[in-house]
Amino acid sequence: MLVLRLLLVTILVVLSGHTSIVISNHGWNLLPIFFGDMREMAWPGQFNLDFMGFLTLSALWTAWRHHFSPTGLALGAVVFFGGMAFLTIYLLAASLRVKGNIRALLLGDQRAG
């Protein structure tokens, strides 16, 4: 679990730094670029579509983990739009809350039994 937590912290730090630089150079206007790349039918758009699939699966897993409750649906939406920046924080907090129990981390408390 320590290795997972270190990986999550590393990803969060690197991603935060990179995102800060991109925002300072290009502003917050991500969506037109993101979908514009997809519209062009080239490799950057293919990557964005692939990434959107990961966002969708992450959001569905998060909502499922919370039994599609209102909280789970809200967290799923935040995961979809917040991406890895939010998911790393969510997984770090969840891993601490379940005291390193990987079964409870992946399945949620009720399903982990």
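Every number here is computed from the coordinates shown, using simple stated rules; none is lab data. Please read these numbers as outputs of a predicted model, since none were measured by experiment.
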- Message: Please check: in the Gaussian network model of the chain (C-alpha springs, under 10 Å), which one of 44, 32, 70 has the largest mean-square fluctuation.
- Response: 32
- the chain, Gaussian network, Cα under 10 Å: of 69, 24, 95, the residue fluctuating most is 24
- Task: Would you mind checking the tilt of helix 70-97 against the longest principal axis of the Cα atoms of the chain, expressed as 0 to 90 degrees and rounded to 10?
- Result: 60
- Item | Degrees between helix 43-65 axis and first principal axis of the chain (Cα, 0 to 90, nearest 10) | 20
- Message: Using only the alpha-carbon atoms, how far is helix 30-39 inclined from the longest principal axis of the chain? Give it as 0 to 90 degrees, nearest 10.
- Response: 70
- the chain: most fluctuating residue of 86, 68, 34 per GNM, C-alpha cutoff 10 Å: 34
